[in-house]
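The values are calculated or read from the model by the stated rules, or taken from the named source; none is laboratory data. Since we're looking at a predicted model, the values are computed, not measured. Cβ placement follows ideal geometry from the backbone for every residue including glycine, while neighbour counts extend to all protein chains displayed.
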Ligand code: R5P
């Protein structure tokens, strides 16, 4: 059986390392008997001792650096010949990556995308058997259709580039629109986060649950909010919003009952924070008592954190699909991890086991 390797660029190495630790731990405990079975020959004899895995067996160091003219350089440090390699690289803006004249690093989301493409190309040319792009946050996803004439479908182009580079499959979390799965002609496993938010709120904020209504900030996110509402046994509602060219937006109306209620806004992306803040203002105007938010991908672009601080939002829960080292300490922000789900999915994909339990219901 070929080995499993995990490699990462500069997008979210902390998450990649945490996933690797969990993969090793699960292989040595939960999946130990399964591996033991795989290592037996037809007579049921073990081919040799089954030695516990270590972090170094799975983690594959890669150098991803920048030339003075800002071209990207990628080098995978260990052999990957015949291995199944998972490249953990959310295509998000770089956050917390050291850079400066001595050590230039990624500056934009496009640098991070290029890192992913070059890593995949390096792995393919190094004879990796299969390559899975693990993009917990899939950037450019909001540009998933033509909203006016003479504009690209950028999410489709990004999907094409990732596939053409040599990727065999993709693992993503809470895509902006589920249809993006169809932009790839290779398998894509799409994990959700509703179970993580529900579990976090039930364990840490039971007081939110009393008189709660779960609200989507736009009609496109209605099913996402409904999944969280069902898990929390709460009613759900939605807002209708209109976005103008350049990103400005207007919240038009609340569809559903929020007067006298606590509200949990559920969204996929928090970028400038404008959507959540405008939504919170509208909900409070319409009689909501308090507003919290659960948002899978916390980009926190520009001064989003300051905007949230001075907004009426009481609390914002995000995941670590994008690094949150600088935001996690903020009193209004709580961070939950997707590492365990990704580790579980990676092992099941590698072993050829079903992951529908993770895809459909979470655990
Ligand atoms: C839009 O359709 C998305 O689901 C998010 O609501 C949006 O991307 C959030 O962006 P911002 O925080 O800049 O308003």
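List of remarks:
- Residue tally, condition within 15 Å of the ligand (Cβ to nearest atom), assigned to a strand (DSSP E or B) and over 26 Å from the mean Cα position of the chain (by Cα), over the stretch 240-263: 3
- Flag for residue 180 being in contact with a strand residue (DSSP E or B) (Cβ under 6 Å, 6 or more places away or on another chain) and assigned by TED's automatic domain parsing to the domain that holds residue 8: no
- Among the residues listed as 155, 122, the single one being more than 18 Å from the chain's Cα centre (by Cα) and either at positive phi or touching a residue at least 12 places away in the same chain (Cβ under 8 Å) (or both): 122
- Residue that is nearest to the chain's Cα centre (by Cα) [pool: residues in the stretch 315-326 that are buried (at least 16 other Cβ atoms within 10 Å of the Cβ) and assigned to a loop (DSSP other than H, G, I, E, B)]: 321
- Matching residues, the stretch 148-182, being in a helix (DSSP H, G or I) and either closer than 22 Å to residue 346 by Cβ or within 15 Å of the ligand (Cβ to nearest atom) (or both): 154, 155, 158, 159, 162, 163, 165, 178, 179, 180, 181
- Residue in the stretch 344-361 that is surrounded by fewer than 19 Cβ atoms within 10 Å (Cβ to Cβ), within 27 Å of residue 300 (Cβ to Cβ) and at pLDDT 95 or above present: no
- The set of residues from the stretch 264-296 being touching a residue at least 40 places away in the same chain (Cβ under 8 Å), more than 9 Å from the ligand (Cβ to nearest atom) and closer than 20 Å to residue 137 by Cβ comprises 265, 266, 294, 296.
- Among the residues examined, residue 329 does not qualify as assigned to a loop (DSSP other than H, G, I, E, B), away from the ligand (no atom under 16 Å from the Cβ) and in contact (Cβ under 8 Å) with a residue 12 or more places away in the chain.
- One residue alone among 242, 226, 199, 169 is surrounded by fewer than 19 Cβ atoms within 10 Å (Cβ to Cβ) and within 30 Å of residue 126 (Cα to Cα), and that residue is 169.
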